[in-house]
Amino acid sequence: MKPLLNALLFCFFLLNTTYGHAQDSLKFPVPRGNPKQLFFLQRSQNTNTVVYELNIKNGVLDSIAPVHIFWICYAEKSQKEELTSLQRQHAYGLMTTYISKDQYELRFVANKKHVMQLMKGPDHLFHVYDQINGKQAILSSIYLQINGGSLFSPHIDYILTKGFDEETSATVAGKTKP
């Protein structure tokens, strides 16, 4: 019985190791060419990407829903798909609070404690500002390293946030544990 158990454990270890390496070697595409794009979010499970863009209606930022969120399904045919209501309300959606004509507070529905700002920068364009390594930066991407868990409660090993310093244009990145 013990040799069978050892063989099963070895197979499980081999599958786990191979699967982990396959995930680590995924090449994540970077969404480009969208002038309204604010930032994007990717997860270790696959290359499908959540894009957060300005929600412009009739040439004006929609003050009730200033950010439009959708998928680019790179793992399929790179098609654009809207979030489901479940995804919008429990995972990737944003709660927005109007501060002024050119400023909004943003919070992920999955992490209400983390506050970001959507506001016009010195370049007169809207950007999402976030704290990266203790300094305010313009957010460009978020990567979630997920290791198990469930649909509504994934186990996130770490979050990698990238952006750039508005003053120097230097790229900044920060890795945090949730």
PRE zone check, label point 7 Å out along Cα-to-Cβ of Ser85, amide N under 19 Å, scope region 138-155, hits 152
With a sphere of radius 15 Å drawn around the Cβ of Gly149, what net charge do the other residues whose Cβ falls strictly inside it have (Lys, Arg +1; Asp, Glu -1)? +1
Loop-resident GluC sites (Glu not before Pro) in region 88-178 with no more than 14 other Cβ atoms inside 10 Å, DSSP not H/G/I/E/B, are Glu167
Where trypsin sites (Lys or Arg not before Pro) fall in DSSP loop in region 92-178, at most 16 other Cβ within 10 Å: Lys101
Give the shape of region 57-178 as rounded, prolate or oblate, defined through the alpha-carbon gyration tensor: a ≥ b ≥ c are the square roots of its eigenvalues, a/c under 1.5 means rounded, and otherwise the shape is prolate if a/b is larger than b/c and oblate if not. oblate
Could you tell me how many degrees, from 0 to 90 and to the nearest 10, lie between the Cα long axis of helix 2-24 and the main elongation axis, the longest principal axis, of the Cα atoms of the chain? 30 degrees
Of the residues Asp123, Asp102, Asp165, which exhibits the maximal mean-square fluctuation in a Gaussian network model of the chain defined by a 10 Å Cα contact cut-off? Asp123
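Read-outs throughout are calculated quantities, based only on the coordinates presented, and are distinct from any laboratory measurement. On a predicted model such as this, the values are computed, not experimentally measured, just so you know. Positions of Cβ are generated from backbone atoms using ideal geometry, with glycine treated the same way; all protein chains shown enter the neighbour counts.
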